[in-house]
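This report concerns only the one structure given below.
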There are 2 protein chains.
Amino acid sequence: MLAPLESLSMTDRVENILREYFEENAFKPGDPLPNEMEMAQKLNVSRNVVREALSRLRMLGMIETRPRKGMVMSQPDLLTGMEKVLNPFILGTKNLKNIFELRLILEMGIAEFLFARKTKKDIEELEAIVNLQSNDFEVTKEEEIAFHGKLYEMTGNSTFKRFQILLMPVFNHVFTDYSKKRAHVELPNPVTHRDILEVIRKGTSDDFRQAMFKHLEPYFATSLNTAPPKKKK
Amino acid sequence: MLAPLESLSMTDRVENILREYFEENAFKPGDPLPNEMEMAQKLNVSRNVVREALSRLRMLGMIETRPRKGMVMSQPDLLTGMEKVLNPFILGTKNLKNIFELRLILEMGIAEFLFARKTKKDIEELEAIVNLQSNDFEVTKEEEIAFHGKLYEMTGNSTFKRFQILLMPVFNHVFTDYSKKRAHVELPNPVTHRDILEVIRKGTSDDFRQAMFKHLEPYFATSLNTAPPKKKK
DNA sequence: ATTATTAGATTTGTTCTACAAATAAACATA
DNA sequence: TATGTTTATTTGTAGAACAAATCTAATAAT
C-alpha cells in the first residue's frame, strides 16, 4: 500500500523532541526549564514554533509557566487530554460504542478493590444516597451518578473515579441513542441500588459482581445485541 | 482559603471558545473550518494566539489542516492525549499507583465481553501464544503482553485494547519498583496462562474472573498491601 | 473544442521584530 | 529592620513579512 508519507511540521517535531528531552533527562515536577529563546536557538527554530509546542505541553499539564518568571516541569493530569476530546459529535460511533462498553467493563472490575477498602463510613454514606432515591425502580440520572460515583470513590482510586465521571455523560448519550431504536425491555427481576448496597454490606466480591451484572444487564444486552462483534476477515 | 485566582491566557480562552464553538454548532468530522485570519479577526486576537490554540487541538486530533488548503474537523483519537503524558518520571507515585490498579480493574472486568465474543479462531490463536511460552511458570514480558493483549483483542473493543497496551509499560515499571522493596512471594497454586486458556475454552465468565483473580493475585497483594487506603479525614 | 500552460489569489507554516506587564533581585531610603 | 524604588528578565501578545503549496482562472497551443 502506498500511504502519504506524513511530513511533520516543525512544531510537531519540536513537541516530540521536547518530550524526549524531558524523558531522557528524567525531568521531575518542579524542575526548572530553559527559557523560550534558549530553546529556540538551540533547536534553530523561531520562538513561535517553540511556543506552539510548549503551548501543547502546557495544555496537557506537563509544564507550568509563571508569567515573566520561568517555566517548570509539572505533574500532568492523566485524563485532561481525554476530557477535551469527549465530544459526542466528533467522536465516531465506534468510539462511542467503545466508551459505552468501557464503563461496563470498569464497573464489573472494581469488586476486589471495593471490598478490600470499603469502610463503615462509606457504607453509611452509600445508604444515605440510596435512601434519597424516591423510587428504587426508576432512578434519575443524578441519583444514578451519585450511587455509582460513590462506588468508584470507595475503590480508593482517584484516577478511576475521575475516569468514570468523565465517561458517564457519553455513556448516557449513547444509551439514550440506542433506546430510541429499540423497544423498551422490562426486566423480570431487576437488581436495584438497594440490593447492591446489601451485597456490599453482607456479601462477597463475587456476589457483588453477579449483582452488578444483573443491575447492568439492560446495558450489556444493548451492547451485545445492537453491536454484534464484527470480525475483520 | 485564599487560592491564587487563575487568570487564563488568551490562548487558553481561545482554546475553550473554539471547543465550545465546535460543540454548539455540532461540527462533524470533515466539516471545513474558517481560516486563521478570520478567526483572529472575529475574536479580536492576534493570529499567533489563534495558532497556539489550534496547535493544541491539532495535537489532540480534533482538527486537521492540509497545508495551504484549509482546516477541517477530524475524528480525534481518545487516547492520544493520555499517551503523551505517560511518562513515569513526571507522573507522581499516586498516579502510577492508580494506573497499576486500573489495569487490574480492567482485567477483571472483561469477562462478559470476552465470553460473548470469543471465537474458535481466537482460542486457537490464544493457544498458539501459550504454546510459544518456554516455561508456563516463568513467562517473559513479551509473552505476558502477547497473552493479555490477545485477551483484550478478544473483547472486540479497540479502544480498550489500545488503553491496555498503553498502560502495560507503566504497570511493569510500577511493579518492578514495588518488587525491589518487597520480598518475593511464591504462590502455592499459581494459575497459569494455560489454565486461563482452558477456562476460556470450557468454563463460564464467572470461572474466568476467579481464575484471573488468582492469576493476578501477586499484583493485587502488592497493591493492597503496600498502598493501604488512605482516608482523607 | 479540448488540452496544456501560465499567472494570480489564497492559506498555512515559519521567521522576525516589537512592546507590555509582571516578577525577582538589587538597590536605596527611612 | 522594614519598606519603597529601580532594573533586568521572561513570558504574553501583536503585527508584518515571506515561502510554499494549492486552487482558480485566464491564456495559449493543438
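Summary table
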| quantity | calculated |
| --- | --- |
| Helices (runs of 4 or more DSSP H) completely within region B:41-151 that count 2 or more residues being within 16 Å of DNA strand D (Cβ to nearest atom) and either open to solvent by 60 Å² or more (accessible area, probe 1.4 Å) or more than 8 Å from chain A (Cβ to nearest Cβ) (or both) | B:47-59 |
| Number of the condition not met by A:ILE99 [criteria: (1) assigned by TED's automatic domain parsing to the domain that holds A:MET154; (2) farther than 28 Å from B:LEU78 by Cβ] | (2) |
| Of all residues in region B:155-167 being more than 9 Å from every other protein chain (Cβ to nearest Cβ) and open to solvent by less than 10 Å² (accessible area, probe 1.4 Å), the one that is farthest from A:THR159 (Cα to Cα) | B:GLN164 |
| Candidates B:MET82, B:MET71, B:MET59, B:MET39 - the one that is more than 14 Å from DNA strand C (Cβ to nearest atom) and among the aliphatic types (A, V, I, L, M) | B:MET82 |
| Criterion: within 23 Å of A:MET108 (Cα to Cα) and modelled with pLDDT under 95 - qualifying residue of B:THR192, B:THR140 | B:THR192 |
| Long-range neighbours under 7 Å by Cβ, at least six apart or interchain, first residue closer than 18 Å to B:PRO88 by Cα within region B:157-170, second small (Gly, Ala, Ser) | B:ILE165/B:GLY149 |
| Checklist (1) among the β-branched types (Val, Ile, Thr); (2) within 10 Å of DNA strand C (Cβ to nearest atom); (3) away from every other protein chain (no Cβ under 12 Å) applied to A:ILE17, failing item | (2) |
| Filter pass, B:LEU224 being at pLDDT below 85, within 29 Å of A:ASP207 (Cβ to Cβ), assigned to a helix (DSSP H, G or I) and within 14 Å of chain A (Cβ to nearest Cβ) | yes |
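The values are calculated or read from the model by the stated rules, or taken from the named source; none is laboratory data. Since the structure is predicted, the reported quantities are computational estimates derived from the model, not experimental observations. Neighbour counts run over all protein chains shown; Cβ positions are idealised from the backbone, glycine included. These area figures cover heavy atoms from the full protein model, side chains too; ligands, DNA and RNA do not enter into them. Shrake-Rupley method; radii C 1.70, N 1.55, O 1.52, S 1.80 Å.
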